[in-house]
């Protein structure tokens, strides 16, 4: 499964991406707000992407994962994904990570908006959520620019670098999306 935006290509994860994703997740700034932290070994990264790759054969699916590439020159720039609840709740949760040298150029917003579109238009979801560490100002801006609303604070829920951090919960409903 391939998704596109004006500037990006989201290509569904494959085992061929393992080395690239391992190196990417080993960048300290990429792992800064990641609950997994820097993977100590490639086997850790393998376990992280395993679910999304194995779930490709399932119907219905519960996990989607993509590598993200610049459309112009096919430069690898990150990874993203969406996890789904069971069908009864029609809910998805998105995540994204992009290369630090590309921060502040609107790419993460472009990814989030494309995942939201995919969730509502292709998967017929009712609600799309994202959690964000309260001090991750850049990602908070991305979620708000993407039309998501802050719904609450989850205290001490994120284990990041040996500390329990707070998390804001953001969401957009199908009706919000259709009104845009």
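We did not get these values from a lab; they are worked out from the coordinates using the rules stated. As the structure is a computational prediction, the values presented were derived from the model and not from experiment. Cβ placement follows ideal geometry from the backbone for every residue including glycine, while neighbour counts extend to all protein chains displayed.
Comparing 56, 11, 105 in a Gaussian network model of the chain (Cα springs below 10 Å), the most mobile by mean-square fluctuation is 105. Of the residues 125, 102, 18, the one that moves most in a GNM of the chain with alpha-carbon contacts below 10 Å is 102.
Taking other C-beta atoms within 10 angstrom as a stand-in for reagent exposure, 55, 73, 166 fall in the order 73, 166, 55, fewest first.
Just so you know, the Rg over Rh for the range 117-180 is 1.05, from Cα atoms, with Rh as the Kirkwood radius. Overall, the ratio between the Cα radius of gyration of the range 76-147 and 2.2 N^0.38 Å, rounded to two decimals, is 1.11.
When the Cα gyration tensor is reduced to axis lengths a ≥ b ≥ c, the ratio a/c is 1.5 or higher for the range 1-69, and with a/b not above b/c it is classed as oblate.
In terms of other Cβ atoms within 10 Å, 7, 155 run from fewest to most in the order 155, 7.
Among 59, 145, a tally of other beta-carbon atoms within 10 Å of each Cβ gives an order, fewest to most, of 59, 145.
In the chain, helical runs assigned H by DSSP with n ≥ 4 each contribute -39500 (n - 2.57); averaged across all residues and rounded to the nearest 500, the mean residue ellipticity at 222 nm is -8000 deg cm²/dmol. Which shape class, rounded, prolate or oblate, goes with the range 30-128 when its Cα gyration tensor gives a ≥ b ≥ c as root eigenvalues, a/c under 1.5 marks rounded, and past that a/b bigger than b/c marks prolate? Cα axes put the range 30-128 in the oblate bin.
Working from Cα pairs under 8 Å separated by at least six residues, relative contact order for the chain is 17 percent.
Dividing the Cα radius of gyration of the chain by 2.2 N^0.38 Å, with N the residue count, gives 0.98.
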